[in-house]
Amino acid sequence: MTAPLDVTGTAAEAQPEAVLQGVGAKAIQGRSLGQIAWTRLKRDKVAIAGAVIVVLLVLVAALAERPFGGLIALFGDDPNVPNQDAIDPLTSAPLAPWGGISLEHPLGLEPVNGRDIFARILSGAQISLLVAFLATLLSVIIGTLMGVLAGYFGGWIDTIISRLMDMFLAFPLLLFAIAIVGAMPDRAFGLSGNGLRIGVIVFIIGFFSWPYIARIVRGQTLSLKEREFVDAARSLGATNGHIIFKEVLPNLVAPILVYSTLLIPTNILFEAALSFLGVGVAEPQASWGGMLTRAVDYYQSAPHFMIIPGLAIFITVMAFNLLGDGLRDALDPRNR
Amino acid sequence: MTEPLLSVRDLTKHFPVTKGLLRRQVGAVKAVDGVSFEVRKGETLGLVGESGCGKTTTGRLITRLLEPTGGRIVFEGVDITHVKQGRMRPLRRDMQMIFQDPYSSLNPRHTVGTIVGAPFRIQNVKTESGIKKAVQDLLELVGLNPEHYNRYPHEFSGGQRQRIGIARTLALKPKLIIADEPVSALDVSIQAQVVNLLEDLQGELDLTYVVIAHDLSVVRHISDRVAVMYLGKIVELAERKALYDSPMHPYTNALLAAVPVPDPRKRADRDRIRLTGDVPSPINPPPACRFHTRCWKAQDICKTQEPPLEALASGHLVACHFPENAPDKPAGVGAHPAEERATT
């Protein structure tokens with residue numbers, strides 16, 4: 001019997017690394033998957049456009065009011081100061097044409113009380129992004145924890161967490177939010193007024209959207225734990241904690257990042273919907289959803305008041321979605 | 001004879017098959033069903049068999065990545081069959097595993113330095129001149145450039161990746177290495193390099209190997225003794241030369257006859273045994289001799305009485321009622337009707 005493979009051959013002694021040995025004169029720095037994803041993302045023009053808008057929005061929201069910048073003070077009036085003189089008392093619309101758009105008021109004036117829309121859009125951006133980011137953070141923390149536990153340990157832990165996720169996803173979230181904000185006392189947990197309302201909204205959105213993250217994390221963990229590097233770590237004597245935090249979680253960063261970026265616009269829309277329904281932040285604090293509610297009554301006399309906050313929501317959600325899609329393409333785990 | 005480094009007795013692993021909401025057990029996949037062998041210090045034991053015969057499961061049971069259903073595993077005189085994971089940790093330094101797929105056995109998010117240095121960190125082993133130096137020495141030992149310390153696995157070829165995996169395995173200077181299909185995911189040209197590397201390391205570092213493979217040529221090249229598995233049982237265990245020159249179990253014969261011959265002239269005058277049918281399901285394996293459903297020599301006794309794994313001449317262990325090439329069996333019993341054997 002002859003072996004198909006002559007393993008004793010001298011050719012087998014050739015070391016392909018010998019070629020690399022010469023190149024290795026200068027220190028070799030490997031490119032991590034993150035760096036590769038970044039170069040790939042940079043080539044995606046649409047995603048970069050989304051990223052630029054997202055960064056601008058975050059900067060604008062952060063710098064809108066003192067102490068960090070005071071962009072509002074620079075360009076317009078205080079968002080909460082009425083300017084009745086500029087309003088036609090008969091139609092409730094601004095006296096000046098084009099909804100009062102002028103150098104002084106770049107986006108015009110609000111009907112009825114004549115507040116500066118530009119200032120209110122910036123102020124509303126703060127609320128939208130704050131609520132969306134905090135709620136996403138909360139759901140990512142809970143979702144990652146639950147997803148990893150369910151996927152890694154399996155068995156009855158997985159059964160309980162999976163059924164819990166089904167329950168949370170079946171929950172009538174909007175009705176629950178309306179009910180809880182309506183029944184809420186004026187002060188609780190050391191917070192009051194809008195602080196309390198924002199806290200409750202963040203909690204409701206974050207606490208009920210974790211199953212979306214958890215499902216993805218669970219699925220990824222299920223497939224990761226079958227990979228041999230997990231067995232390798234275990235055969236080296238690694239504890240479950242080590243395997244979860246050092247072996248599994250670094251591989252989950254990419255999907256978590258992608259789905260958080262896609263969850264943020266959903267949460268922005270949800271916050272706007274709650275404010276539109278009157279259970280978000282309360283007047284006089286500006287919010288995009290709240291502005292839309294007020295605009296409904298004046299859409300004929302002051303259409304700009306409806307178009308502008310609508311556009312703000314549209315552009316923000318669009319930008320986050322474009323960035324999220326670009327990230328997903330750049331970080332695609334299939335291309336490793 | 002000195003005490004064996006590893007001794008496995010009647011090892012079994014049954015994976016439960018569950019059904020319905022309450023996870024009622026309706027059966028079991030008998031992946032490994034009563035396997036016994038010993039590994040002596042410094043030798044290489046080859047474990048061969050076709051897919052699904054339980055050889056990988058056996059490897060994972062020995063390294064305690066799976067919990068055995070029954071039997072006994074004794075490593076260096078210590079019974080590790082049901083040792084808790086926490087108490088197993090210090091023992092793992094002496095027993096390491098090489099994995100089959102170099103594309104999945106290295107964490108893509110870690111650098112080579114982190115991967116090869118992981119054993120030191122996990123086992124909390126102090127090295128004389130730091131982990132980085134130790135890792136670079138290991139990389140050099142397996143024929144890689146130590147400068148590749150900061151690179152990521154995806155920047156390497158399959159053979160290089162397997163070398164990285166081997167470097168990680170060697171980090172803690174183990175005594176026993178279980179190599180689960182160490183070369184089957186590699187190109188044939190690279191297979192030779194890795195097999196030779198394993199042999200060189202064995203001489204240098206005084207290693208003992210259990211090499212699991214389905215490729216008979218690889219096993220022939222590297223092993224001192226070879227065990228053949230079929231459906232969760234060892235059917236034949238012998239010195240390499242004895243097994244390849246005079247295989248006794250019909251299954252071993254069939255396996256060896258299936259190895260392709262590169263010379264077409266030699267191919268013509270060789271007997272070929274074509275096994276018919278599929279491997280039976282390990283959920284419901286055939287009674288008595290498990291090979292009787294596909295064996296051309298099967299008689300009634302094969303269906304009723306299980307042949308034990310017995311030593312024949314010169315320590316050749318075989319589990320068959322009618323072994324071939326057996327000098328100490330009556331010739332008439334071992335002979336088989338020629339017309340049942342397909343020839344080309």
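The values are calculated or read from the model by the stated rules, or taken from the named source; none is laboratory data. In this text the structure is predicted, and so the values were computed from the model without any measurement. Quick reminder, even Gly has a Cβ in these numbers, built from the backbone with ideal geometry, and neighbours come from all protein chains shown. All accessible areas refer to the heavy atoms of the entire protein, side chains included, with ligands and DNA or RNA removed. Shrake-Rupley method; radii C 1.70, N 1.55, O 1.52, S 1.80 Å.
Over chain B, what is the relative contact order in percent, taking alpha-carbon pairs closer than 8 angstrom and at least six residues apart? Let's see the in-between values first.
Numbers: 628 pairs, mean separation 62.7, N = 344.
It comes to 18 percent, rounded to a whole number.
What FRET efficiency, computed as 1/(1 + (r/R0)^6) with R0 = 30 Å and r the Cβ-Cβ distance, is obtained for A:S301 and A:A273, rounded to the nearest 0.05? Intermediate results must be reported in sequence, preceding the final value.
On the way: r = 25 Å, r/R0 = 0.83.
Computed FRET efficiency for A:S301 and A:A273 comes out at 0.75.
Treat the stretch B:15-141 as a sphere of radius equal to its Kirkwood radius over Cα pairs and apply Stokes-Einstein at 10 °C in a medium of 1.306 mPa s; give the translational diffusion coefficient in µm²/s, rounded to a whole number.
Working: Rh = 17.8 Å.
After rounding, the answer is 89 µm²/s.
If one takes the longest principal axis of the Cα atoms in chain B, at what angle in degrees, from 0 to 90 and to the nearest 10, does the Cα axis of helix B:188-205 lie?
Compared with the principal axis, the helix lies near 70 degrees.
Which value in nm describes the separation of the simple spin-label points at A:Q35 and B:K241, placed 7 Å from the Cα toward the beta carbon?
5.4 nm
State, in square angstrom and to the nearest 100, the accessible area buried between chains B and A, both chains counted, probe radius 1.4 Å. The partial results should precede the final answer.
On the way: alone 17060 and 18910 Å², together 31560 Å².
So the buried area, both faces added, is about 4400 Å².
As an exercise, identify the GluC sites (Glu not before Pro) in the stretch B:122-158 lying in DSSP coil whose Cβ has no more than 11 other Cβ atoms within 10 Å. The partial results should precede the final answer.
Values: sites: B:E128, B:E140, B:E147, B:E155; in loops: B:E128.
Answer by residue number: B:E128.
At a probe size of 1.4 Å, how large is the accessible area of B:D200, to the nearest 10 Å²?
We get 90 Å² for B:D200.
Could you work out how much longer the chain between A:V46 and A:D166 gets when fully extended? Use 0.36 nm per residue separation minus the Cα distance between them, nm to one decimal.
On the way: separation 120, 0.36 × 120 = 43.20 nm, distance 3.50 nm.
39.7 nm is the gain from fully extending A:V46 to A:D166.
Ignoring ligands, DNA and RNA, what percent of the accessible area of the protein assembly as shown is carbon or sulfur (1.4 Å)? Please report the intermediate quantities before stating the final value.
On the way: 18790 of 31560 Å².
The nonpolar share, carbon plus sulfur, comes to 60 percent.
If R₀ is 51 angstrom, what is the calculated FRET efficiency for the pair B:V26 and A:Q84, using the beta carbon separation as r and rounding to 0.05? Please list the in-between numbers first.
Numbers: r = 79 Å, r/R0 = 1.56.
Computed FRET efficiency for B:V26 and A:Q84: 0.05.
Taking H placed 1.01 Å from N in the peptide plane, check which residues at least 5 places from A:H105 or on another chain put their amide H under 5 Å from its amide H.
Distant-sequence amide H within range of A:H105: zero hits.
Probe 1.4 Å, all protein chains in place: accessible area of A:T293 in Å², nearest 10?
A:T293 exposes around 50 Å² with every protein chain in place.
Alpha carbon centre of the stretch A:297-328 versus the stretch B:28-103: separation in Å?
61 Å
Taking a 1.4 Å probe, which of A:W98, A:W156, A:W210 shows the most accessible area, and what order do the others take after it?
On the way: A:W98 215, A:W156 180, A:W210 5 Å².
From most accessible down to least: A:W98, A:W156, A:W210.
Using only Cα atoms, what is the ratio of the radius of gyration of chain A to 2.2 N^0.38 Å? Intermediate results must be reported in sequence, preceding the final value.
Values: Rg = 26.8 Å, N = 336, 2.2 N^0.38 = 20.1 Å.
Output field value: 1.33.
So how do B:254-266, A:248-260 stack up, highest first, on mean other-Cβ count within 10 Å?
Numbers: B:254-266: 13.3, A:248-260: 19.5.
Listed from highest to lowest mean packing, they are A:248-260, B:254-266.
Run through all the Cα pairs of the stretch B:110-170 and give the fraction in each 5 Å bin from 0, expressed as whole percent.
4, 21, 35, 26, 10, 3, 0
Of B:E76, A:E104, B:E181, which has the most accessible area with a 1.4 Å probe, and how do the rest follow in descending order? Present the calculation step by step, with values, prior to reporting the outcome.
Numbers: B:E76 80, A:E104 125, B:E181 10 Å².
The ordering from most to least exposed comes out as A:E104, B:E76, B:E181.
Using only the heavy atoms of the protein chains and a 1.4 Å probe, how would A:Y299, B:Y251 rank by accessible area, largest first? All intermediate terms of the calculation are to be shown ahead of the outcome.
Values: A:Y299 130, B:Y251 0 Å².
Ranked from most to least accessible, the order is A:Y299, B:Y251.
Output the DSSP H helices from chain A with an along-axis C-alpha extent of no less than 24 Å and a mean Kyte-Doolittle hydropathy no less than 1.6.
On the way: long enough: A:45-63 (27 Å, 2.85); A:117-153 (52 Å, 1.89); A:193-224 (46 Å, 1.02); A:249-276 (39 Å, 1.42); A:304-330 (38 Å, 1.23).
TM-like helix candidates: A:45-63, A:117-153.
To the nearest 10 square angstrom, how much accessible area does A:K246 have with a 1.4 angstrom probe?
110 Å²
I'd like the mean, over residues of B:192-203, of how many other protein chain beta carbons sit within 10 Å of each residue's own Cβ. Before the final figure, lay out the partial values.
Values: counts 9, 7, 2, 4, 5, 2, 0, 2, 1, 0, 0, 0.
Per-residue shielding by partner chains comes out at 3.
Taking each residue in A:222-231, count the Cβ atoms of any other chain within 10 Å of its Cβ, then average. What number comes out? Can you show the working numbers first?
Details: counts 0, 0, 2, 0, 1, 8, 12, 14, 4, 9.
Across A:222-231, the average partner-chain Cβ count within 10 Å equals 5.
Residue by residue through B:229-240, how many Cβ atoms from other chains fall within 10 Å of the Cβ on average? Don't skip to the answer; put the middle values down first.
Values: counts 0, 0, 0, 0, 0, 0, 0, 0, 0, 0, 0, 0.
If you average over the peptide's residues, the count of other-chain Cβ atoms is 0.
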